[in-house]
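The values are calculated or read from the model by the stated rules, or taken from the named source; none is laboratory data. Bear in mind the structure is a predicted one, so any value in this text is a computation, not a measurement. Glycine gets a Cβ as well: all are built from the backbone with ideal geometry, and neighbour counts include every protein chain shown. For the accessible areas, the whole protein counts, side chains as well, though only heavy atoms, and no ligand, DNA or RNA atoms are used. Shrake-Rupley method; radii C 1.70, N 1.55, O 1.52, S 1.80 Å.
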Amino acid sequence: MATGYHGKVIHINLSTSFIEIEEPEDYFYRKYMGGSAMGAYYLLKNTSAGADPLGPENTFCMFPSVLTGVAISGLSRITATAKSPISGLIGDSQAGGFFPAEFKRAGFDGIVVTGKSQHPVYIWIHNGEVEIKDAEHLWGKNTAEVEDIVRDEFNDEQIQVAQCGIAAEKGVLFGCIINNANRANGRTGMGTVMASKNLKAIAVRGNMRIDAADGEKIREIAKNGAKKLPNSGVADLGKYGTGNIVATKNPMGYLPSKNWSSGYVEGIEQISGKTMYETVLKGRETCFACVVRCKRVVEITEGKYQVDPRYGGPEYETLATMGSYCGVKDLAAICYANQLCNKYGVDTIACGATIAWAMDCFEHGYINKKQTDGIKLEFGNADAMVAMVEKICMREGFGEVLGLGSVKAAEKLGVGKELVVAVKGGEFPAHMPHDRIGLGLIYAVNPFGADHESSEHDPVYVTASDDMAMLGLVDPQPFDTMNNEKIKFSLYTQYQVSINDTLCTCNFVFGPVWHLYNPNELVDIVNAVTDWNVSLWELMLLGKRRLNLMRAFNAREGVGREADTFPVKMRKALVGGPTDGLSIPKDKIENALDDYYQMAGWDINGKPTRITLEELGLAWVAEELKL
Ligand code: SF4
């Protein structure tokens with residue numbers, strides 16, 4: 001057996017409380033390696049087409065990877081996979097922190113949960129043992145309380161807890177999974193799937209460390225990363241956090257504002273990462289063994305919006321969705337909204353973007369104060385934004401409908417469909433396709449909805465670089481050009497990020513151009529941890545395999561090209577700032593679909609072909625799809 005894994009996967013049926021430990025063959029680890037690919041594998045195997053995402057037949061998976069827990073920056077992430085209650089398609093989401101490394105040390109390579117418990121439970125995984133424990137006393141408690149209670153039960157502060165929140169218990173569709181009270185498997189409603197199974201939490205603890213095959217090489221690579229950090233593209237990320245992007249995007253007119261009506265907000269520096277650093281930042285947090293330390297810790301002890309550092313601080317996406325999307329420039333209000341999301345367990349992107357959509361509806365006169373519980377839901381109204389976050393988390397009043405997300409809320413209210421900015425139910429994250437059109441293509445085709453972490457962004461391919469050449473990308477293109485070279489860039493970097501999501505590596509640390517470690521260095525790490533002899537070619541096939549597994553899941557649900565859409569709002573001209581008048585012409589994305597599908601080896605409907613699946617060793621998936 002190679003190193004890097006325990007050779008044990010937990011299977012639990014919560015309907016029967018049956019626990020089984022699978023011991024997969026070595027080749028299984030070499031082929032799927034962990035994370036997103038393993039999650040998609042078990043979801044396809046265990047859940048049939050047409051299953052209710054919130055029914056016992058859905059399969060909930062959490063997988064770290066063969067690299068997780070090794071003491072190199074960016075190797076402590078974990079993937080959650082299940083059928084998403086938001087889209088009815090595959091759901092997939094990553095989180096960092098200390099939970100992933102501790103999960104691995106607890107003695108297992110992943111967990112597959114089916115069924116539904118009769119009453120709330122949590123799963124306790126420790127040093128090779130697994131137990132299902134009663135969680136009646138945890139239900140209805142906020143994330144910090146749950147973590148404290150579980151740690152107290154075992155008198156062990158080092159226990160790590162991943163949990164669904166109160167919002168998911170109440171049926172908010174974009175409920176996330178929170179660990180450490182401030183890290184989230186944020187997108188696609190994975191917390192809501194946990195809650196639907198009466199699974200409150202997974203708690204982990206252990207000392208079953210796996211030694212790397214070549215420990216010396218691992219120490220050398222870790223040291224090199226620390227040495228490179230001060231002059232790398234992630235140095236500022238450590239100091240100002242992802243929030244620094246607010247100040248770089250806005251002057252260029254690429255900060256999504258007022259529900260994507262504009263790319264610019266006057267005075268938005270008030271909520272930038274630098275302002276946070278200079279005012280409310282109490283400290284910086286990290287994930288296991290990471291030298292970047294990009295996580296924000298905010299404390300506000302005075303005023304209307306007081307913030308407890310336990311709940312961390314807002315990332316760029318949260319500053320944008322709760323801030324510029326809503327026209328809000330009140331940093332304390334955004335930090336407080338971020339705290340509510342972490343305390344009650346909702347995805348900040350879906351939450352802020354859905355509120356921004358509702359504000360747009362309010363300004364258009366589609367909804368009124370009577371419907372919004374008397375709240376003047378106007379752009380720029382920070383109090384209204386916070387009040388709506390509270391209502392969504394508690395599923396109260398107008399929060400009940402907004403807790404469905406913007407797509408389903410528009411359907412339910414029968415208004416504002418043309419104002420929705422989402423694909424496959426997933427609201428757009430805060431990177432405008434106007435200056436990164438290749439990313440816009442990925443927003444459209446990604447199996448689990450619009451996502452900014454599913455490919456590289458076009459600006460990294462405006463000039464040539466050795467790192468891009470490693471991926472076979474040697475013909476740079478302008479950021480707003482859509483042609484076959486750009487489609488190739490989008491697809492190949494989608495494979496590269498698919499590697500990250502399968503090996504559970506951080507997208508800030510691993511990637512081409514500005515990251516701490518380039519793709520060839522990732523190959524070195526895989527080989528130093530395992531005793532395999534992988535190449536970048538093998539890893540790219542791994543990324544392609546993961547993408548095809550996910551796409552196949554959707555195809556088995558009967559969904560393909562018709563779901564690869566682009567919001568009509570993108571065709572409307574932006575108003576104000578340097579990008580005033582800019583829009584994305586109708587069909588700029590749609591016309592690229594045929595060529596993207598052909599390059600990916602899919603048919604005209606975006607469905608993987610038998611030959612593509614067989615190329616990837618996925619003949620069993622072709623059988624599932626009856627190809
Ligand atoms: S770069 Fe930031 S998010 Fe990524 S592993 Fe390091 S601390 Fe965590």
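When the stretch 149-172 is limited to residues that are part of a loop (DSSP other than H, G, I, E, B) and open to solvent by less than 20 Å² (accessible area, probe 1.4 Å), the one that is nearest to VAL389 (Cα to Cα) turns out to be VAL172. Taken residue by residue, the stretch 116-127 has no member that is among the β-branched types (Val, Ile, Thr), under 21 Å from SER36 (Cβ atoms) and either open to solvent by 20 Å² or more (accessible area, probe 1.4 Å) or touching a Cys at 6+ places or on another chain (Cβ under 8 Å) (or both).
Only a single criterion out of (1) among the hydrophobic types (A, V, I, L, M, F, W, C); (2) away from the ligand (no atom under 15 Å from the Cβ); (3) at positive phi is not satisfied by LEU549, namely (3).
Residues that are aliphatic (A, V, I, L, M) and open to solvent by 20 Å² or more (accessible area, probe 1.4 Å) within the stretch 464-495 comprise ALA464, ALA469, MET470, VAL474, MET482, listed in sequence order. When restricted to residues that are without any contact (Cβ under 8 Å) to a residue 40 or more places away in the chain, open to solvent by less than 20 Å² (accessible area, probe 1.4 Å) and more than 16 Å from the chain's Cα centre (by Cα), the stretch 427-463 contains 2.
Looking at ASN500, is it within 16 Å of the ligand (Cβ to nearest atom) and assigned to a helix (DSSP H, G or I)? Criteria met by ASN500. Counting only residues that are away from the ligand (no atom under 14 Å from the Cβ), more than 14 Å from THR47 (Cβ to Cβ) and among the aliphatic types (A, V, I, L, M), the stretch 74-107 holds 3 of them.
For VAL130, the requirement of being away from the ligand (no atom under 16 Å from the Cβ), modelled with pLDDT of 95 or more and open to solvent by less than 10 Å² (accessible area, probe 1.4 Å) is not met. Evaluated against (1) touching a His at 6+ places or on another chain (Cβ under 6 Å); (2) charged (D, E, K, R); (3) within 30 Å of GLU411 (Cβ to Cβ), ASP109 falls short on exactly one condition, (3). Across the stretch 381-394, the qualifying residues are those that are of a type outside the set (A, V, I, L, M) and crowded, with 19+ Cβ neighbours inside 10 Å, and the one among them that is nearest to GLN339 (Cα to Cα) is CYS393. Taking every residue in the stretch 496-508 that is open to solvent by less than 10 Å² (accessible area, probe 1.4 Å) and pairing it with any residue that is within 11 Å of the ligand (Cβ to nearest atom) and of a type in the set (Gly, Ala, Ser), at least 6 positions away or on another chain, the pairs with Cβ-Cβ distances below 6 Å are THR505/GLY74.
Quick grid of which residues meet (1) more than 16 Å from the ligand (Cβ to nearest atom); (2) among the polar types (S, T, N, Q); (3) over 21 Å from PHE510 (Cα atoms); (4) free of Cβ contacts under 8 Å to residues at least 12 places away in the same chain:
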site: ASN224; (1), (2), (3), (4): no, yes, no, yes
site: PRO230; (1), (2), (3), (4): no, no, no, yes
site: GLY238; (1), (2), (3), (4): no, no, no, no
site: THR248; (1), (2), (3), (4): yes, yes, yes, yes
site: MET252; (1), (2), (3), (4): yes, no, yes, no
site: THR275; (1), (2), (3), (4): yes, yes, yes, no
site: GLU278; (1), (2), (3), (4): yes, no, yes, yes
site: LEU281; (1), (2), (3), (4): no, no, yes, no
site: CYS287; (1), (2), (3), (4): no, no, no, no
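I'd like the residue in the stretch 193-213 that is modelled with pLDDT of 95 or more and closer than 13 Å to LEU67 by Cβ and, out of all such residues, is most open to solvent (accessible area, probe 1.4 Å). Among those that are modelled with pLDDT of 95 or more and closer than 13 Å to LEU67 by Cβ, it is ALA213. The residue list ALA51, ALA71 contains one member that is surrounded by fewer than 24 Cβ atoms within 10 Å (Cβ to Cβ) and within 16 Å of the ligand (Cβ to nearest atom), which is ALA71.
The rows are residues; the columns are (1) assigned to a strand (DSSP E or B); (2) open to solvent by less than 40 Å² (accessible area, probe 1.4 Å).
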site	(1), (2)
GLY7	no, yes
SER15	no, no
GLU20	yes, no
MET38	no, yes
ASN58	no, yes
MET62	yes, yes
THR79	yes, yes
ASP92	yes, yes
GLY97	no, yes
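Scanning the stretch 54-68 for residues that are among the hydroxyl-bearing types (Ser, Thr, Tyr) and away from the ligand (no atom under 13 Å from the Cβ), we see that the one that is farthest from GLU285 (Cα to Cα) is THR59.
The helices (runs of 4 or more DSSP H) located wholly in the stretch 520-626 that include 2 or more residues which are among the polar types (S, T, N, Q) and open to solvent by less than 10 Å² (accessible area, probe 1.4 Å) occupy 536-556. Checking LYS424, LYS408 one by one, the residue that is more than 16 Å from the chain's Cα centre (by Cα) and open to solvent by 20 Å² or more (accessible area, probe 1.4 Å) is LYS408 and no other. In the set (1) in contact with a strand residue (DSSP E or B) (Cβ under 7 Å, 6 or more places away or on another chain); (2) touching a residue at least 40 places away in the same chain (Cβ under 8 Å); (3) within 18 Å of ILE78 (Cβ to Cβ), ALA167 fails one condition alone, (3). Does any residue of the stretch 254-273 turn out to be part of a helix (DSSP H, G or I), open to solvent by less than 40 Å² (accessible area, probe 1.4 Å) and either within 20 Å of VAL292 (Cα to Cα) or basic (Lys, Arg) (or both)? Checked against the condition, which is being part of a helix (DSSP H, G or I), open to solvent by less than 40 Å² (accessible area, probe 1.4 Å) and either within 20 Å of VAL292 (Cα to Cα) or basic (Lys, Arg) (or both), the stretch 254-273 yields at least one hit. Against the test of being part of a strand (DSSP E or B), touching a residue at least 24 places away in the same chain (Cβ under 8 Å) and more than 14 Å from the ligand (Cβ to nearest atom), the options TRP124, TRP139 yield a single qualifying residue, TRP124. Does at least one position in the stretch 81-92 carry a residue that is over 19 Å from ASN527 (Cβ atoms), modelled with pLDDT under 95 and touching a helix residue (DSSP H, G or I) at 6+ places or on another chain (Cβ under 8 Å)? No, the stretch 81-92 contains no residue that is over 19 Å from ASN527 (Cβ atoms), modelled with pLDDT under 95 and touching a helix residue (DSSP H, G or I) at 6+ places or on another chain (Cβ under 8 Å). Take PHE28 and tell me if it is away from the ligand (no atom under 16 Å from the Cβ), on the phi < 0 side of the Ramachandran plot and of a type in the set (A, V, I, L, M, F, W, C). The answer is yes for PHE28. Per the listing GLY312, GLY345, the residue uniquely within 16 Å of the ligand (Cβ to nearest atom), in contact (Cβ under 8 Å) with a residue 12 or more places away in the chain, touching a strand residue (DSSP E or B) at 6+ places or on another chain (Cβ under 8 Å) and at positive phi is GLY312. Say whether the condition of being among the aromatic types (Phe, Trp, Tyr), touching a Gly at 6+ places or on another chain (Cβ under 9 Å) and closer than 20 Å to PHE379 by Cα is met by at least one residue in the stretch 240-256. For the stretch 240-256, residues among the aromatic types (Phe, Trp, Tyr), touching a Gly at 6+ places or on another chain (Cβ under 9 Å) and closer than 20 Å to PHE379 by Cα: present.
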